[in-house]
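Below is one structure, written out as C-alpha cells, with a few remarks after it.
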Amino acid sequence: MIRLRDLDPRWTCDTYGRHGQGISFECPIHREHRLAVAFANPIDGGGKMDGPKYWWVRMGETFDDLTLGPSIDASANKEGHEIKTPCWHGFIRNGEVT
C-alpha cells in the first residue's frame, strides 16, 4: 500500500488566489515524473480549472482522506507524449494509492 502523502502531493490551481482545483503527485511506478488531475468540484468551492480535457470527482479535503473517481489512467501514450515504459493506472481512495 502506498499513501498519497508519500508521493509528494501538491494542490494545483490555474488562477492566483484559488486553492485545490486539482492535485499533482509523483507517479507511483516511476517517481521521476509527476501526474496531475483536475477536480470537477474544487476544494475552494469555485469553478473547475480551465483547460483540462478531463476532471475527476473529489471527496475529501486533505491528502489523507482524498478519494477521486474515476480511475486515473496514465498507462497509455496520449496526445503525443511518449511513454517508454508502462505507467500507473489506478485509484486514490481515502488517501491510499491502489
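The values are calculated or read from the model by the stated rules, or taken from the named source; none is laboratory data. The shown structure was predicted, so the numbers you read here are calculated from the model rather than taken from an experiment. Here the Cβ is made from the backbone with ideal geometry for all residues, glycine too, and neighbour counts use every protein chain on show.
Pick out the one residue from PRO42, PRO52, PRO28 that is touching a residue at least 40 places away in the same chain (Cβ under 8 Å) and either surrounded by fewer than 16 Cβ atoms within 10 Å (Cβ to Cβ) or assigned to a loop (DSSP other than H, G, I, E, B) (or both). Break it down into steps so the answer makes sense when it comes.
Values: PRO42 fails: touching a residue at least 40 places away in the same chain (Cβ under 8 Å); PRO52 fails: touching a residue at least 40 places away in the same chain (Cβ under 8 Å).
PRO28 is the lone residue from the list that is touching a residue at least 40 places away in the same chain (Cβ under 8 Å) and either surrounded by fewer than 16 Cβ atoms within 10 Å (Cβ to Cβ) or assigned to a loop (DSSP other than H, G, I, E, B) (or both).
Taking the residues in the range 75-94 that are farther than 13 Å from HIS33 by Cβ and modelled with pLDDT of 85 or more as candidates, determine which candidate is farthest from the chain's Cα centre (by Cα).
Residue satisfying both the conditions and the ranking: ASN94.
Considering only the range 21-32, I want to know if a residue exists there that is at pLDDT below 95, over 13 Å from PRO9 (Cα atoms), touching a strand residue (DSSP E or B) at 6+ places or on another chain (Cβ under 6 Å) and not acidic (Asp, Glu).
No, the conditions are met nowhere in the range 21-32.
Kindly evaluate ALA76 against the criterion of being assigned to a strand (DSSP E or B) and aliphatic (A, V, I, L, M). Write out each step before concluding.
Details: assigned to a strand (DSSP E or B): no; aliphatic (A, V, I, L, M): yes.
Judged against the criteria, ALA76 is not a match.
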